[in-house]
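Enquirer: Below is one structure. I have some questions about it.
The values are calculated or read from the model by the stated rules, or taken from the named source; none is laboratory data. All values derive from a computational prediction rather than experimental measurement. Quick reminder, even Gly has a Cβ in these numbers, built from the backbone with ideal geometry, and neighbours come from all protein chains shown. Ligands, DNA and RNA are excluded from the accessible area calculation, which covers all protein heavy atoms including side chains. Shrake-Rupley method; radii C 1.70, N 1.55, O 1.52, S 1.80 Å.
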Amino acid sequence: MGETRETIGVIGGGQMGSGIAQLAAISGFDVWLHDSDSGALQRASEGIGAALRKLVSKGKLSELAGTDALNRLRCTSDLEDFRHADVIIEAIIESEDVKKKLFSDLDKLVKPSAILASNTSSISITRLASATRRPAQVIGMHFMNPPPVMKLIEIVRGADTSEVVFSKIKALAERFGKTVICSNDYPGFIVNRILMPMINEAFHALYTGVATKEDIDTGMKLGTNHPMGPLELADFIGLDVCLSIMKVLHHGLGDSRYSPCPLLVQYVDAGRLGRKKGIGVYSYK
Ligand code: CAA
Ligand code: NAD
């Protein structure tokens, strides 16, 4: 990224998109945030405001920097506002069809030089790029949850991603204060290729009666020094997101060992999506 103040567009104001918008605003960018659901956009705006106030009250951000960040962030229900964005970071639901439709729409709308980055957890960047006429400018920029706190961004090159675009996104990730790892474009990339089968296995352990959910989580927390147990982490990520990723791994790698656990499928069918719904493996009500 150059010296002038650039504009970042974030699409999807859920837990990831709102965290990415917050991080971009704190990092000095002008930010547009869009969600197709006006309620979600309102919640994102209020959540970011509260998070910035908390950072100021803890002394982690000066009052001026907090106000500046808030002033640089604008929420919009109109994608037309992304016309002048330099980088667009997509963080909508983990569905290839829905993402492809958005990428195709954005391609027609945003300026020719704009980079289209996806925060997808698992979906092929090459296939998302194929929905556009600018495959060289499409890239994976995979933040970890919660984006303001986690130190990693996984960058994924599609088959046609240019080296210039890769370098710009790497520089952007570093301006966000993150460490970068690079993955080729295979299902689940690096982190979810390894993390999700572990979470799925934890569901199998629960499903087949190996132990209680509490003992499975405590085992992995205290036994392997993970900050959260795998079932607690699944609730934190969202069980719908975990299931979508497992389906991409299963379909893309063609091996039954990636088949989603029936208990995970059942929870999602029941609307038990985790913390964001107040109930998942655990109840948060
Ligand atoms: N936004 C901003 N700051 C946040 C935050 C959020 N959403 N959540 C927590 N924080 C901050 C807190 O304010 C706190 O800051 P201070 O130290 O200044 O007080 C700090 O983070 C620690 O938070 P807490 O004290 O509330 O709680 P904690 O110590 O238990 O940490 C956690 C919370 C960072 C989420 C920690 O439990 C953790 O690291 N969990 C594992 C998270 C993880 O594995 N994420 C990756 C998931 S996989 C993924 O993201 C990829 C994918 O595609 C699915
Ligand atoms: P979420 O359910 O919290 O939020 C998704 C948001 O996208 C919702 O507010 C929804 O209204 C909005 N949306 C859906 N379709 C849209 C469209 N066509 N246009 C505009 N907005 C639309 O989901 P999330 O957990 O924030 O995940 C978002 C993306 O980030 C997914 O691709 C997911 O795989 C990825 N991701 C998630 C995590 C995680 O831990 N949850 C971590 C890294 C990456």
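Enquirer: Quick check on my filter: what residues within region 113-122 are within 15 Å of ligand 1 (Cβ to nearest atom) and either open to solvent by 10 Å² or more (accessible area, probe 1.4 Å) or over 22 Å from Ala24 (Cβ atoms) (or both)?
Expert: Pass one, region 113-122, residues within 15 Å of ligand 1 (Cβ to nearest atom): 117-122.
Those that are within 15 Å of ligand 1 (Cβ to nearest atom) and either open to solvent by 10 Å² or more (accessible area, probe 1.4 Å) or over 22 Å from Ala24 (Cβ atoms) (or both): Asn119, Ser121, Ser122.
Enquirer: I want to confirm something. Restricting to region 225-254 and keeping residues that are more than 10 Å from ligand 1 (Cβ to nearest atom) and on the phi > 0 side of the Ramachandran plot, which single residue is surrounded by the most Cβ atoms within 10 Å (Cβ to Cβ)?
Expert: Among those that are more than 10 Å from ligand 1 (Cβ to nearest atom) and on the phi > 0 side of the Ramachandran plot, it is Gly254.
Enquirer: Out of Tyr282, Tyr267, Tyr258, which single residue is at pLDDT 95 or above, hydroxyl-bearing (Ser, Thr, Tyr) and in contact with a Phe, Trp or Tyr (Cβ under 9 Å, 6 or more places away or on another chain)?
Expert: Details: Tyr282 fails: in contact with a Phe, Trp or Tyr (Cβ under 9 Å, 6 or more places away or on another chain); Tyr258 fails: in contact with a Phe, Trp or Tyr (Cβ under 9 Å, 6 or more places away or on another chain).
After ruling out the rest, the residue left standing is Tyr267.
Enquirer: Continuing with this model, one more query. Can you tell me which of Leu41, Leu61 is outside the structural domain of Asp240 (by the TED database) and more than 13 Å from ligand 2 (Cβ to nearest atom)?
Expert: Details: Leu41 fails: more than 13 Å from ligand 2 (Cβ to nearest atom).
When all the criteria are applied, what remains is Leu61.
Enquirer: Another question, then. Could you say whether any residue in region 33-43 is at pLDDT below 95 and of a type in the set (S, T, N, Q)?
Expert: No, region 33-43 contains no residue that is at pLDDT below 95 and of a type in the set (S, T, N, Q).
Enquirer: Please go through region 19-64 and give me each residue that is outside any helix (DSSP H, G or I), over 20 Å from the mean Cα position of the chain (by Cα) and of a type in the set (Ser, Thr, Tyr), ordered by number.
Expert: Ser62
Enquirer: Shifting gears a bit: Which number in (1) at pLDDT 95 or above; (2) out of contact with any Phe, Trp or Tyr (no Cβ under 6 Å at 6 or more places or on another chain); (3) surrounded by fewer than 17 Cβ atoms within 10 Å (Cβ to Cβ) marks the one condition that Thr76 misses?
Expert: (2)
Enquirer: Kindly list the number of the only condition in (1) in contact with a Leu (Cβ under 9 Å, 6 or more places away or on another chain); (2) modelled with pLDDT of 95 or more; (3) away from ligand 2 (no atom under 16 Å from the Cβ); (4) assigned to a loop (DSSP other than H, G, I, E, B) that fails for Thr67.
Expert: Unmet for Thr67, out of (1) in contact with a Leu (Cβ under 9 Å, 6 or more places away or on another chain); (2) modelled with pLDDT of 95 or more; (3) away from ligand 2 (no atom under 16 Å from the Cβ); (4) assigned to a loop (DSSP other than H, G, I, E, B): (4).
Enquirer: Additional query: Taking Met144, is it under 23 Å from Ser27 (Cβ atoms) and of a type outside the set (Lys, Arg)?
Expert: When the stated conditions are applied, Met144 passes them.
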